[in-house]
Amino acid sequence: MAVKAAYENYSGPNADAVENFHGNQVVYIGWDEHMMFPFAGAFPLPPQMPFGALVKDLLPSVYGAHPDFARIDWAATEWSLDGARFTPDMDRSIAENGVAHKSLLRLATPGLNGIGNTGF
């Protein structure tokens, strides 16, 4: 997303540069049709983290309280990375899957559209 500075020729420090995250990269993750979590969360993750660990360890700690979470069919989950559909390799790292600093991952879970199909 482009940002326009309030001052012409502004060149302040880049506070969210990857160098400022101690070997991690910020990854935004959102769950479509589940407005109990109305925006993508930001997570500092090591680039070498296996994508499968993101699914097995991180996502339950973030979204596990939602009643739909336990019913997710991970084989049918539809993923997008920075706006493009993709199929992650669960055994490869997030970096090897193309997830970069400040990437946006979205997951869609067909048949699960929030509590009582309300999108919540």
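Some points to look at:
- Neighbour-limited loop hits for chymotrypsin sites (Phe, Trp or Tyr not before Pro), segment 5-88 (at most 12 other Cβ within 10 Å; DSSP other than H, G, I, E, B): 7, 10, 39, 74
- Here the Debye sum runs over all C-alpha atoms of segment 23-117 as equal scatterers in vacuum, and log10 of I(q)/I(0) at q = 0.11, 0.13, 0.25 Å⁻¹ comes out as -0.28, -0.40, -1.54.
- Loop-located trypsin sites (Lys or Arg not before Pro) across segment 30-120 with a Cβ neighbour count of 15 or fewer within 10 Å are 92, 102, with loop assigned by DSSP.
- Restricting attention to the chain, close to 70% of DSSP beta bridges with both partner residues there are antiparallel.
- By the beta-carbon count within 10 Å of each Cβ, the least crowded to most crowded order of 94, 72, fewest first, is 72, 94.
- For segment 1-57, the gyration tensor built on C-alpha atoms gives an oblate shape. Its axis ratio a/c (a ≥ b ≥ c) is at least 1.5, and a/b is not larger than b/c.
- When you restrict to C-alpha pairs under 8 Å that are six or more residues apart and normalise by the size of segment 23-117, the relative contact order lands at 42 percent.
- Structure-based [θ]222 nm, the chain - -39500 (n - 2.57) summed over DSSP H runs of at least 4, per residue, nearest 500: -1000 deg cm²/dmol
- The ranking of 78, 33 from fewest to most other beta carbons within 10 Å of each one's beta carbon is 78, 33.
None of the figures in this text is laboratory data; all of them are computed from the coordinates on show. These numbers come from a predicted model, not from an experiment. No Cβ is skipped: glycine too gets one built from the backbone with ideal geometry, and neighbour counts run over all protein chains shown.
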